[in-house]
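The next block holds one structure in the form of structure tokens; read it before the comments.
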Amino acid sequence: MAETDLLRAAPAAGLPRLLEGAWSDHSADLQAHLRKYGPPPVDVSRQALIEVVERSGLSGRGGAGFPTGRKLRSVADAAGGPAVVVANGMEGEPASSKDRFLLTRVPHLVLDGIALAARAVGADRAYLCVHRGEPEYTAWLRDLVGHRRRARIDRLEVEIVELPRRYVASEQSSLVRFIDGGPAVPTFGPRPHERGVRGRPTLVNNVETLAHLALIARHGDRWFRTVGAPHAPGSMLMTITGAVHRPGVYEVPMGLPIGQAILAAGGPAERLKAVLSGGYFGTWMAAEVAWNVRLTHADMRRAGAFLGAGVLIVLPDSACVLGETARVVRYLSEETAGQCGPCVFGLPALADALGELAFTGGRSRAIQQVGRQIDLVDQRGACRHPDGVAALVRSAMEVFADDAYEHDRFGPCEGLRRRPVLPLPPLHEREEARK
Ligand SMILES: Cc1cc2nc3c(=O)[nH]c(=O)nc-3n(C[C@H](O)[C@H](O)[C@H](O)COP(=O)(O)O)c2cc1C
Ligand code: SF4
């Protein structure tokens, strides 16, 4: 199939899937959901459920792309008491809106996914984690959960857990630690699937992954594979933002070239310079290089890029990659748990060095300084936070080496005058989360 045909062919192969009906006024209504999908098939055997997910090739949509069937099996097989399911609906990535969109528009698919995952791993507890500070939203989610219990759809009560709005709070071990009564910061021990909540084997999955699971359990693995690439089946939700005509959340087939995804979002709104893929642990690509790269973990890795949780931020030619990156790195340096050296000392120093290059420059010394600071944080933390920041800065410095040289020799560029493109949470929210 020619690349340009993929997008047009995709709807014929059954897209949208997760978002089918997402625009209906009744999308969150339980009876409407049951009329459309029927109840989740929780009476299927645990083995059969795990096997159909394994055969489907579903991979996690929370960032790392870990095979979901393998995770289900390892939790189901682990010793240590009945398992626990944790649905990650935190969406810590400031540029991403797909999980919130899914949870508000088709919440019952996510809740079906939680019920089915709990059945597969033999869980007796389930949690749905979201950010703190939106009482109406969490009350609405609790209502939905209560409604399902009263209608006897769910055997297990799903507890809605509210965590602080901090970048590292949504990492899986932070969720486990918080549910156990501790602070929402990463831990360094065994992985949750071995020892999670209350020391029990714990399945942590992104809410989009669970919604796919809910459809696979109903329609089967072959159905799932009719969309996407053979090595990366299915569809994924992408948040496409920046210099496009219609920023928003899109459901695209895995393997779609980035250029086609940008066209689906209305096409470039200005001449393009760069694409940041994967969010703020992601990587910059020059726009012309990004255009033909396919949206799978393997294809992105081969291109030196990161698919992550499905974020594409399109930067126009008039913007400054270094200034944009420096703002984000400052934000990320303030979002750590402050537990390890690279975060306490390294990230602020990296933010300083990049800030000097981006906003001052002209002294021919900042490039070296940035390089030194990257080496001092990369792979030295207890969690992936410093590595993610290092990868982001390294990609900016490599792909836009000419811009870095110009800044370092002659000072900042005109791009700094325009309004920043990369979104950050408002200051008051960040301060609130630190209390
Ligand atoms: C700093 C950090 C932040 C993360 N934030 C999220 C998040 O907001 N949502 C999410 O689903 N996964 C997030 N993850 C990944 C989770 O730790 C975990 O791998 C994921 O929820 C597993 O779900 P999946 O297998 O369905 O992808 C984050 C990881 C790191 C290192
Ligand atoms: S590396 Fe940073 S974010 Fe990760 S555990 Fe250590 S201090 Fe926390």
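The values are calculated or read from the model by the stated rules, or taken from the named source; none is laboratory data. Here the structure is a predicted model, which is why all the values come from computation and not from measurement. Methodologically, a virtual Cβ is constructed for each residue, glycine included, from the backbone with ideal geometry; neighbour enumeration extends over all protein chains shown. Note: accessible area is taken over every heavy atom of the protein model, side chains too, but ligands, DNA and RNA are not part of it. Shrake-Rupley method; radii C 1.70, N 1.55, O 1.52, S 1.80 Å.
Taken as a whole, the range 187-208 holds at least one residue that is touching a Gly at 6+ places or on another chain (Cβ under 9 Å) and within 16 Å of ligand 2 (Cβ to nearest atom).
When His385 is tested against (1) within 21 Å of the chain's Cα centre (by Cα); (2) away from ligand 1 (no atom under 14 Å from the Cβ), just one condition goes unmet, and that condition is (2).
Yes/no matrix, rows are residues, columns are (1) touching a Pro at 6+ places or on another chain (Cβ under 8 Å); (2) not β-branched (Val, Ile, Thr):
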residue	(1), (2)
His297	no, yes
Ala305	no, yes
Gly310	no, yes
Ile313	no, no
Ser318	no, yes
Arg330	no, yes
Ser333	yes, yes
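When the residues of the range 205-219 are filtered to those that are touching a residue at least 40 places away in the same chain (Cβ under 8 Å) and under 14 Å from Ala48 (Cα atoms), the one that is farthest from ligand 1 (Cβ to nearest atom) is Arg218. Quick one: in the range 165-180, which of the residues that are charged (D, E, K, R) and either open to solvent by less than 60 Å² (accessible area, probe 1.4 Å) or within 10 Å of ligand 1 (Cβ to nearest atom) (or both) is farthest from Tyr137 (Cα to Cα)? Here the residue is Glu171. Within the range 256-284, the only residue that satisfies the criterion of being open to solvent by 10 Å² or more (accessible area, probe 1.4 Å) and closer than 14 Å to Ala303 by Cα is Thr283. None of Ala303, Ala286, Ala261, Ala290 is outside the structural domain of Ser170 (by TED's automatic domain parsing) and closer than 22 Å to Leu19 by Cα except Ala261.
Being assigned to a loop (DSSP other than H, G, I, E, B), of a type outside the set (Lys, Arg) and open to solvent by 20 Å² or more (accessible area, probe 1.4 Å) is not true of Glu162. On the stretch given as the range 14-35, residues that are open to solvent by 40 Å² or more (accessible area, probe 1.4 Å) and under 20 Å from Val249 (Cβ atoms) total 6.
Within the option set Thr202, Thr187, being open to solvent by 50 Å² or more (accessible area, probe 1.4 Å), more than 10 Å from ligand 1 (Cβ to nearest atom) and either under 21 Å from the mean Cα position of the chain (by Cα) or basic (Lys, Arg) (or both) holds for one residue only, Thr187. Determine, yes or no, whether Pro82 is in contact with a strand residue (DSSP E or B) (Cβ under 9 Å, 6 or more places away or on another chain), touching a residue at least 12 places away in the same chain (Cβ under 8 Å), surrounded by fewer than 24 Cβ atoms within 10 Å (Cβ to Cβ) and farther than 25 Å from Lys36 by Cα. For Pro82, the condition - in contact with a strand residue (DSSP E or B) (Cβ under 9 Å, 6 or more places away or on another chain), touching a residue at least 12 places away in the same chain (Cβ under 8 Å), surrounded by fewer than 24 Cβ atoms within 10 Å (Cβ to Cβ) and farther than 25 Å from Lys36 by Cα - is met. Only one of the numbered conditions (1) out of contact with any Lys or Arg (no Cβ under 9 Å at 6 or more places or on another chain); (2) outside any loop (DSSP other than H, G, I, E, B); (3) closer than 27 Å to Gly69 by Cα is violated by Ile153, and that is (2).
Just checking: which of the helices (runs of 4 or more DSSP H) contained wholly in the range 21-113 hold 1 or more residues that are touching an Asp or Glu at 6+ places or on another chain (Cβ under 7 Å) and within 16 Å of ligand 1 (Cβ to nearest atom)?
Working: elements: 30-37, 46-56, 68-77, 98-105.
Where helices (runs of 4 or more DSSP H) fall fully within the range 21-113 and carry at least 1 residues being touching an Asp or Glu at 6+ places or on another chain (Cβ under 7 Å) and within 16 Å of ligand 1 (Cβ to nearest atom), they are 46-56, 68-77, 98-105.
Take the range 334-373 and flag every residue that is away from ligand 2 (no atom under 16 Å from the Cβ), open to solvent by less than 60 Å² (accessible area, probe 1.4 Å) and either within 26 Å of the chain's Cα centre (by Cα) or basic (Lys, Arg) (or both). Once the filter is applied, which keeps residues that are away from ligand 2 (no atom under 16 Å from the Cβ), open to solvent by less than 60 Å² (accessible area, probe 1.4 Å) and either within 26 Å of the chain's Cα centre (by Cα) or basic (Lys, Arg) (or both), the range 334-373 yields only Leu354.
Kindly indicate whether Val377 is open to solvent by less than 10 Å² (accessible area, probe 1.4 Å), of a type in the set (Val, Ile, Thr), modelled with pLDDT under 95 and within 16 Å of ligand 1 (Cβ to nearest atom).
Answer is yes for this residue.
Exactly one residue among Gly341, Gly411, Gly362, Gly415 is modelled with pLDDT under 95 and within 21 Å of Ser173 (Cα to Cα), and that residue is Gly341.
If you scan the range 165-182, which residues turn out to be part of a helix (DSSP H, G or I) and away from ligand 2 (no atom under 12 Å from the Cβ)?
Initially, the range 165-182 is screened for residues part of a helix (DSSP H, G or I), giving 167-170, 172-179.
Scanning the range 165-182 gives Gln172, Leu175, Val176, Phe178, Ile179.
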